[in-house]
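The values are calculated or read from the model by the stated rules, or taken from the named source; none is laboratory data. Nothing here was measured: the structure is a model prediction, and the numbers come from that model. Because the Cβ atoms are built from the backbone with ideal geometry, glycine has one as well, and the counts that use them run over all protein chains shown.
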Amino acid sequence: MEVTREDNTTYFHLAGIVPVAGQPLDFKQPWPDCMMPIAPDFSLLEAAVAECAWAGCDTIWIICNDDIGPLIKKRIGDFVGDPVWAYRKFDRYPDESKRQIPVYYVPIHPKDRDKRDCLAWSVLHGSLTVFKIADELSRWVVPNKYYVSFPYGYFPAWQLREHRKTISSSKNIFISSKGRNMKDNLYASFTFGKDEFIEFRRVIRTGTGRWRPGVDYKEYDALPVEERWSARFFELEKVFAPFDTVRAQEIPVQTFYNIGSWQEYKFFMSENLENEIKRPTKTILLNQAYKPIGKNYLEDDEET
């Protein structure tokens, strides 16, 4: 029997994972690749975060390193709004009905940088970090599923509204477009759990290290520089190959665009010259921060 949010509202936790840290693409802009604009005042990263909100995530975790973390946090803020609860016109107090989805920022561990920090590893490292933090707090807040939203793929995320119950269930789902999904190197979203995490991590561990496989490090038989740490170049189709699409629920979407290169970005922009893509400011991307606790008290104390 599947456990859904409607069946048990006390502990089901769907954590949204937005992987940013990874090998750079060929955009070669002074800003992060995930900040490429797709509309006025609207970027790929913000579209990925909005997708998590439409999917019904309870928390959103952006995996980004410290060098771009402040820029991303200034743009996204500390929380976003749940679009389903944005306009409850018939509620007695509609403003109190609005729900906030907290956003957290997680850097890649220094020991993994430039060694296995591909985009797929950002997904695994982010989910592992979420699990460890939640487990330290309470077993009731440990995520049951992880929803991966790549900042290099775009489709109108409101299509996920009718699938929220399926996404927040014990059954995995995957987004597809014209029969293709993330196993075809498409930056399409999917959910996974503990068992899939173990399989994905096993693939990452097949990558090379500094020394030649099967040779003791004391022999100093190092691999050539270009052959070391091969996992940092693993593609999505390789890492997520163990994902079982037969047992998962497929969610086909319309007008999906893969934006993982400059050529694909140009195609996306040319296809949407007449389409009006807007930033969902009032419903999801609020760009607000929580007020620090005790800040005024500490400032007054320092002045005296």
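Quick grid of which residues meet (1) out of contact with any helix residue (DSSP H, G or I) (no Cβ under 8 Å at 6 or more places or on another chain); (2) within 22 Å of E46 (Cβ to Cβ):
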position	(1), (2)
P70	yes, yes
V84	no, yes
F90	yes, no
D114	no, no
| said: If I ask for residues that are in contact with a helix residue (DSSP H, G or I) (Cβ under 7 Å, 6 or more places away or on another chain) and of a type in the set (S, T, N, Q), which ones from the range 116-144 would you list? | reply: S127
| So which residues in the range 177-217 are modelled with pLDDT under 95 and of a type in the set (S, T, Y)? | S177, T206, T208, Y217
| remark: Of those in the range 48-68 that are part of a helix (DSSP H, G or I) and under 14 Å from P19 (Cβ atoms), the residue farthest from the chain's Cα centre (by Cα) is E51
| message | Please determine whether any residue of the range 72-80 is without any contact (Cβ under 8 Å) to a residue 12 or more places away in the chain, out of contact with any Asp or Glu (no Cβ under 6 Å at 6 or more places or on another chain) and of a type in the set (F, W, Y). | response | no
| task | Find all pairs meeting these conditions: Cβ atoms under 6 angstrom apart; at least six residues apart or on different chains; first residue within the range 239-260 and among the β-branched types (V, I, T); second residue assigned to a loop (DSSP other than H, G, I, E, B) and crowded, with 17+ Cβ neighbours inside 10 Å. | result | V253/F155; T255/F155; I259/Y152
| field | Members of the range 250-260 found to be surrounded by 14 or more Cβ atoms within 10 Å (Cβ to Cβ) and over 12 Å from N181 (Cα atoms), listed by number | value | I259, G260
| note | The number of residues in the range 69-78 that are part of a loop (DSSP other than H, G, I, E, B) and of a type in the set (G, A, S) is 1
| said: With the requirement that a residue be at pLDDT 95 or above and of a type in the set (V, I, T), what does the range 1-37 give you? | reply: I17, V18, V20
| task | Those residues that are assigned to a loop (DSSP other than H, G, I, E, B) and under 30 Å from R232 (Cβ atoms), I need them from the range 79-124; list them, please. | result | P107, I108, H109, R113, D114, K115, R116, D117, C118
| message | Would you confirm whether or not the range 93-104 contains a residue that is among the basic types (K, R), modelled with pLDDT of 90 or more and farther than 18 Å from P143 by Cα? | response | no
| note | For helices (runs of 4 or more DSSP H) lying entirely in the range 187-291, having 3 or more residues that are touching a helix residue (DSSP H, G or I) at 6+ places or on another chain (Cβ under 6 Å) and within 28 Å of P70 (Cα to Cα) picks out none
| query | Can you name the condition, by its number, that S138 falls short on among (1) modelled with pLDDT of 95 or more; (2) over 20 Å from V20 (Cα atoms)? | reply | (1)
| said: Looking only at the range 92-117, how many residues end up being within 25 Å of H13 (Cβ to Cβ), in contact (Cβ under 8 Å) with a residue 40 or more places away in the chain and surrounded by 15 or more Cβ atoms within 10 Å (Cβ to Cβ)? | reply: 7
| request: Read through the list (1) within 17 Å of G260 (Cβ to Cβ); (2) within 16 Å of the chain's Cα centre (by Cα); (3) touching a residue at least 60 places away in the same chain (Cβ under 8 Å), then give the number of the only condition that G126 fails. | output: (1)
| Verdict on R161 being surrounded by 12 or more Cβ atoms within 10 Å (Cβ to Cβ), out of contact with any Ser or Thr (no Cβ under 8 Å at 6 or more places or on another chain) and assigned to a helix (DSSP H, G or I) | yes
